[in-house]
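Reading through the structure tokens given below for one structure.
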Amino acid sequence: MVHLSRICFRKYGNFVDNLRLYVRGGSGGMGLPRLGGQGGNGGNVWVVATKNMTLKKIKDTYPQKRFVGESGANSSVRALKGEKGKNTEISAPVGITVTTDEGRILGDLNAEGDRVMVAKGGCGGSFYSAFEPSKGQARHIRLDLKLIADMGLVGFPNAGKSSLLTALSNATPQIASYAFTTLRPEIGKVMYKDYKQISIADLPGLIEGAHINKGMGHKFLKHVERTKQLLFVVDVCGFQLASKTPFRSAFQAVQLLTKELELYKEELVSKPALLVVNKMDLPGAEAKLEELKEQLNNPDEFSDLLPEGMIPTSFMTFRHVVPVSATTGFGIDHLKSCIQESLDEDAAMATMAMHQERLQALRFLEQIPNVIWQDGAGWLRLGGWCSPVIHSSLWPDRQRQLICGADNFTG
């Protein structure tokens with residue numbers, strides 16, 4: 001067993017989802033008092049979302065974990081205004097939240113090319129500073145990875161999440177008949193006949209008390225935050241984590257998972273969710289499935305089955321309850337259809353909301369005769385009012401002409 005644990009550590013212990021770095025902006029350049037020359041500003045330090053980058057690559061490539069902007073050039077007779085120091089860019093994976101050591105969020109990197117300035121370069125020496133330059137900003141920052149996926153698998157250990165991910169996608173996570181085989185997140189891609197792809201994240205199993213960081217705790221729960229929807233996975237026959245822990249039925253497992261998410265971050269339980277009832281190949285599974293469905297339809301009547309203090313504030317409503325067997329393949333195709341249907345439903349609602357917003361904006365603008373298009377700023381504005389009304393990207397040229405009138409249109 002010890003040997004097996006070591007193998008698991010070597011295979012999965014390399015995953016890094018949090019990294020602490022030292023960053024410092026470049027110092028400003030010296031001014032030139034006798035000629036009034038101004039030194040160049042120091043370079044800034046940026047974190048930039050880059051494709052195919054991982055925190056482990058950053059850790060291995062830069063073992064010192066120090067990033068410093070270039071110093072600004074001194075003012076000289078040949079160049080009274082010194083050149084600005086070059087910026088330093090830290091390539092980071094998409095899905096990063098950048099925070100200070102104190103936990104203050106500096107920014108999120110949600111898409112490739114997103115960037116956050118983490119250390120500003122110092123100002124060059126000038127008349128206002130007696131031609132003395134200032135040092136760049138210096139501090140420690142943390143890069144915290146939160147996986148971005150369409151669906152996130154939520155379940156207690158050994159519920160069959162890894163087997164389900166293998167059955168659904170091209171992923172090959174560690175699978176065994178003991179708890180905690182998933183020690184690092186796995187992402188699987190599901191391909192449909194219409195060539196659509198969705199991503200599913202298999203995350204380390206929860207245990208009761210995860211919201212206070214027991215077990216994988218926060219290391220798991222933070223990855224749930226950026227999944228669009230949740231895929232609860234429970235063993236139809238229930239589970240028992242260890243001989244000294246109580247047995248939990250499928251219904252209890254669903255409600256305890258809901259409560260753990262609620263206690264960690266309440267808005268997580270408002271995400272759309274599907275319930276997968278796994279291991280339907282086991283004896284007596286059909287009867288237990290019917291019992292579970294009855295309990296889910298009337299959860300208040302069965303709330304006395306839950307431990308004190310672990311009853312959810314509001315019971316989760318699932319869009320689909322899908323019985324499957326990840327081992328035999330039973331129900332997998334139906335589950336894929338349900339997942340696509342649920343995601344398409346959300347996408348349609350988002351599109352409708354965007355159309356409604358644009359329609360409201362158009363109606364609002366039709367009420368205002370004096371709208372001026374300012375191309376440089378990229379906004380439609382009201383007369384002398386400086387506040388932006390609506391960004392230009394929402395309006396094709398022809399619509400801008402119709403709204404603003406031929407005389408006022410300057411775009």
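If I filter region 303-316 for residues that are more than 30 Å from the chain's Cα centre (by Cα) and surrounded by 17 or more Cβ atoms within 10 Å (Cβ to Cβ), do I get at least one hit? Yes; the residues of region 303-316 include at least one that is more than 30 Å from the chain's Cα centre (by Cα) and surrounded by 17 or more Cβ atoms within 10 Å (Cβ to Cβ). Gln38 passes every criterion in (1) within 35 Å of the chain's Cα centre (by Cα); (2) modelled with pLDDT of 95 or more; (3) of a type in the set (S, T, N, Q) apart from (1).
Of all the criteria given as (1) over 24 Å from the mean Cα position of the chain (by Cα); (2) open to solvent by 30 Å² or more (accessible area, probe 1.4 Å); (3) not β-branched (Val, Ile, Thr), the one not satisfied by Arg20 is (1). Of the residues Pro133, Pro93, which single one is assigned by the TED database to the domain that holds Gly25, touching a Cys at 6+ places or on another chain (Cβ under 9 Å) and surrounded by 21 or more Cβ atoms within 10 Å (Cβ to Cβ)? Residue meeting the stated conditions: Pro133. What are the residues in region 136-153 that are open to solvent by less than 70 Å² (accessible area, probe 1.4 Å), out of contact with any Asp or Glu (no Cβ under 6 Å at 6 or more places or on another chain), among the aliphatic types (A, V, I, L, M) and under 21 Å from Thr50 (Cβ atoms), if any? Of everything in region 136-153, those that are open to solvent by less than 70 Å² (accessible area, probe 1.4 Å), out of contact with any Asp or Glu (no Cβ under 6 Å at 6 or more places or on another chain), among the aliphatic types (A, V, I, L, M) and under 21 Å from Thr50 (Cβ atoms) turn out to be Ile141, Leu143, Leu147, Ala149. Within region 104-130, the set of residues being open to solvent by less than 50 Å² (accessible area, probe 1.4 Å) and either in a loop (DSSP other than H, G, I, E, B) or touching a His at 6+ places or on another chain (Cβ under 9 Å) (or both) comprises Ala111, Gly113, Gly121, Gly122, Gly124, Gly125, Ser126. Entry remark, region 228-268: residues being open to solvent by 30 Å² or more (accessible area, probe 1.4 Å), of a type in the set (A, V, I, L, M, F, W, C) and touching a helix residue (DSSP H, G or I) at 6+ places or on another chain (Cβ under 7 Å) number 3 in total. Inside region 317-363, residues that are part of a helix (DSSP H, G or I) and out of contact with any Pro (no Cβ under 7 Å at 6 or more places or on another chain) make up a count of 30. The residues in region 56-86 that are surrounded by fewer than 19 Cβ atoms within 10 Å (Cβ to Cβ) and in contact with a strand residue (DSSP E or B) (Cβ under 7 Å, 6 or more places away or on another chain) can be counted, and the count is 6. The residue list Met53, Met30 contains one member that is assigned to a loop (DSSP other than H, G, I, E, B) and within 16 Å of Thr97 (Cα to Cα), which is Met53.
Report, by residue number, each residue of region 203-227 that is on the phi > 0 side of the Ramachandran plot and either open to solvent by 40 Å² or more (accessible area, probe 1.4 Å) or modelled with pLDDT of 85 or more (or both). Within region 203-227, Asn213, Gly215 qualify.
Candidates in region 317-359 are the residues that are of a type in the set (S, T, N, Q) and under 30 Å from Ser303 (Cβ atoms); of these, the one that is surrounded by the fewest Cβ atoms within 10 Å (Cβ to Cβ) is Thr317. Residues in region 131-171 that are at pLDDT below 95 and among the small types (Gly, Ala, Ser): Ala149, Gly152, Gly155, Ala159, Gly160, Ser162, Ser163, Ala167, Ser169, Ala171.
Restricting region 91-103 to residues that are of a type in the set (A, V, I, L, M) and assigned to a strand (DSSP E or B), the residue that is modelled with the lowest pLDDT is Ile96.
The values are calculated or read from the model by the stated rules, or taken from the named source; none is laboratory data. The model shown is predicted, which means the values in this text are computed figures rather than measured ones. Glycine gets a Cβ as well: all are built from the backbone with ideal geometry, and neighbour counts include every protein chain shown. For accessibility, only protein heavy atoms count, side chains too; no ligands or nucleic acids. Shrake-Rupley method; radii C 1.70, N 1.55, O 1.52, S 1.80 Å.
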